[in-house]
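Chemist: Once you've had a glance at the structure underneath, I'll fire off some questions.
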Amino acid sequence: MYRKKGKFTGEGVIPYSGEGSTVTIEGAAVCTQTGCAYTGNEAVAYAAKQCNVDVVSAYPITPQTIIVERFSEYVANGEVDTKFLAVESEHSAMSACVGASLGGARVFTSTASQGLALMHEVLYLASGLRCPIVMAVVNRALSAPINIHGDQSDMMGSRDCGWIQLFAENAQESYDLTIQAFKIAEDKGVHLPVSVNLDGFTVSHATESMKACADEDVHKFLPPRESLFKVDPTTPISVGGMALPEYYYEFKRQQEEALQLSKLFVNRVGKEYGKMTGRRYGYLRTYGLEDADAAVISLGSTCGNVRSVARTLRAKGKKVGAIKLWMYRPFPREELFSAIKDLKALAVMDRAISFGAPQGALCSDIAATLLNTGSDIKILNMIYGLGGRDIPPSTINTVFTDTLRAAKTGKVKERINYLDVRE
């Protein structure tokens, strides 16, 4: 089942095959799907409803509140058999999720911004105790000053908490990745928590057309959870006890190995979901890299705009491409390098500042990926969109222009560029 160390199969890198975001798969679309219009928040809530969640514990915070508000309506209307816990804080919400998960329940929650920051302590408990919790994070700026709009500072602040982290471009992907997240998290080869990230307001509050699967097809794809173990008062066990220096290091090393191995299951579930729906998922998706000299890589809703500009430039004969990361943790090092190794220059879009660091979070991961590979790809780091600031096509066009210039000259004028900021 597991890939041998050092062996790279190349799976999980999915090229765009046309204008749309779907990939034709032989034997695909075997489930019944209904066209509908949902916001990203509503799409996540509906997906969680179809996944037969046992416990939802949550606290409201903009811009994710609609997710748990909508789910609470499902509970009140008797549409789901779910225990909804309205707690006093996000810290309490995640604590309740950990307890419910250890009790064998299928568990869901959602949060954003300062709520995720308040959960930070308990995120490590969830991953260290191997709780297969699924959490939607509606990415939003962190205070101060107070800002309720979208950037990815919240999740980047928690990027090393031991969770599998997936990023959605739109409402359809928010729906699809939520369903997949439960199957990934609960697989006995994984048993780790998963966060599904969607950009605040840009995705969470924008209504888009999408396709939803029939309930029975989701139930077939995601059978009831089978726990590796569960807390039972009649057969007590110790969970999360103290580990002194003689043992703690080994626990953390095993946890890291489990997170790295989860890559295989993310790809496997993405393929299985693709066979059911025709929408194939993996680690990343590429556009135009077959002959590109320069490319731009991004996360979340920006990916569609980057791809659109790349398409326009390619129509003008420019050798450019675009890369979308679905999976940010574990970071798909080998697969990403395989996709970008023939580029001359790459612009990395970070919608967060890593204060005091040489580069943004995503850019640092990519720079580390290229280390010791012998690659001479020129890397440009673009910080953008903080606090929900828009990034228009004209700005993305400038990013491509600068990246093409670096590809041609072999020189990078500015290692970090703060796009559209008033200096």
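The values are calculated or read from the model by the stated rules, or taken from the named source; none is laboratory data. These numbers were taken from a predicted model, which means no experiment stands behind them. As a convention, Cβ positions derive from the backbone with ideal geometry for all residues, glycine included, and neighbour counts pool all protein chains shown.
Chemist: Considering only segment 322-338, I want to know if a residue exists there that is over 20 Å from residue 165 (Cα atoms) and free of Cβ contacts under 8 Å to residues at least 12 places away in the same chain. Write out each step before concluding.
Modeler: Step one: filter segment 322-338 for residues over 20 Å from residue 165 (Cα atoms), giving 322, 338.
Within this subset, residues satisfying the condition of being free of Cβ contacts under 8 Å to residues at least 12 places away in the same chain are none.
Checking segment 322-338: not a single residue is over 20 Å from residue 165 (Cα atoms) and free of Cβ contacts under 8 Å to residues at least 12 places away in the same chain.
Chemist: Hey, any hits in segment 311-318 for a residue that's at pLDDT 95 or above, in contact with a Leu (Cβ under 8 Å, 6 or more places away or on another chain) and assigned by TED's automatic domain parsing to the domain that holds residue 414? Even if it seems obvious, please write down each step before you answer.
Modeler: In the first step, residues of segment 311-318 are kept if they are at pLDDT 95 or above; the result is 311-318.
From what's left, in contact with a Leu (Cβ under 8 Å, 6 or more places away or on another chain): 318.
Subset that is assigned by TED's automatic domain parsing to the domain that holds residue 414: 318.
Looking through segment 311-318, at least one residue is at pLDDT 95 or above, in contact with a Leu (Cβ under 8 Å, 6 or more places away or on another chain) and assigned by TED's automatic domain parsing to the domain that holds residue 414.
Chemist: Tell me which residues, restricted to segment 264-301, are among the hydroxyl-bearing types (Ser, Thr, Tyr) and in contact with an Asp or Glu (Cβ under 8 Å, 6 or more places away or on another chain). Step through it out loud before you land on a result.
Modeler: Looking only at segment 264-301, we keep the residues that are among the hydroxyl-bearing types (Ser, Thr, Tyr), and these are 273, 277, 281, 283, 286-287, 298, 301.
Selection gives 273, 277, 281, 283, 301.
Chemist: For residue 159, all conditions in the list (1) over 24 Å from residue 265 (Cβ atoms); (2) part of a loop (DSSP other than H, G, I, E, B); (3) touching a helix residue (DSSP H, G or I) at 6+ places or on another chain (Cβ under 9 Å) hold save one; what is the number of the exception?
Modeler: Only one criterion in (1) over 24 Å from residue 265 (Cβ atoms); (2) part of a loop (DSSP other than H, G, I, E, B); (3) touching a helix residue (DSSP H, G or I) at 6+ places or on another chain (Cβ under 9 Å) is unmet by residue 159, namely (1).
Quick grid of which residues meet (1) surrounded by fewer than 20 Cβ atoms within 10 Å (Cβ to Cβ); (2) among the acidic types (Asp, Glu):
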{"site": "41", "(1), (2)": "no, no"}
{"site": "52", "(1), (2)": "yes, no"}
{"site": "68", "(1), (2)": "no, no"}
{"site": "72", "(1), (2)": "yes, no"}
{"site": "76", "(1), (2)": "yes, no"}
{"site": "79", "(1), (2)": "yes, yes"}
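Chemist: Which residue pairs have Cβ atoms under 6 Å apart, sit 6 or more places apart or on different chains, and have a first residue in segment 106-130 that is closer than 19 Å to residue 148 by Cα and a second that is crowded, with 24+ Cβ neighbours inside 10 Å and of a type in the set (Asp, Glu)?
Modeler: 111/90; 113/154; 115/90; 116/154; 118/90; 119/90
Chemist: For segment 372-415, which residues satisfy the criterion of being under 24 Å from the mean Cα position of the chain (by Cα) and either at pLDDT below 95 or aliphatic (A, V, I, L, M) (or both)?
Modeler: Our first condition is that a residue be under 24 Å from the mean Cα position of the chain (by Cα); within segment 372-415, this holds for 379-393, 396, 399.
Within segment 372-415, 379, 380, 382, 383, 386, 391, 396, 399 meet the criteria.
This table checks each residue for (1) modelled with pLDDT under 95; (2) in contact with a helix residue (DSSP H, G or I) (Cβ under 7 Å, 6 or more places away or on another chain); (3) in a helix (DSSP H, G or I).
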| site | (1), (2), (3) |
| --- | --- |
| 208 | no, yes, no |
| 234 | yes, no, no |
| 238 | yes, no, no |
| 246 | no, no, yes |
| 254 | no, no, yes |
| 257 | no, no, yes |
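To keep it simple, each residue is scored yes or no on (1) closer than 19 Å to residue 181 by Cβ; (2) at pLDDT 95 or above; (3) among the small types (Gly, Ala, Ser).
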site: 79; (1), (2), (3): no, yes, no
site: 93; (1), (2), (3): yes, yes, yes
site: 103; (1), (2), (3): no, no, yes
site: 106; (1), (2), (3): yes, yes, no
site: 109; (1), (2), (3): yes, yes, no
site: 112; (1), (2), (3): yes, yes, yes
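Chemist: Within segment 87-107, identify whether any single residue is part of a strand (DSSP E or B) and buried (at least 18 other Cβ atoms within 10 Å of the Cβ), and answer yes or no. I'd like the intermediate steps shown before the answer.
Modeler: As a first pass, look at segment 87-107 and keep what is part of a strand (DSSP E or B): 107.
Those still in the list that are buried (at least 18 other Cβ atoms within 10 Å of the Cβ) too: 107.
Scanning segment 87-107, I find at least one residue that is part of a strand (DSSP E or B) and buried (at least 18 other Cβ atoms within 10 Å of the Cβ), so the answer is yes.
Chemist: Is segment 344-354 home to any residue that is surrounded by fewer than 21 Cβ atoms within 10 Å (Cβ to Cβ) and either without any contact (Cβ under 8 Å) to a residue 12 or more places away in the chain or in contact with a strand residue (DSSP E or B) (Cβ under 7 Å, 6 or more places away or on another chain) (or both)?
Modeler: Looking through segment 344-354, at least one residue is surrounded by fewer than 21 Cβ atoms within 10 Å (Cβ to Cβ) and either without any contact (Cβ under 8 Å) to a residue 12 or more places away in the chain or in contact with a strand residue (DSSP E or B) (Cβ under 7 Å, 6 or more places away or on another chain) (or both).
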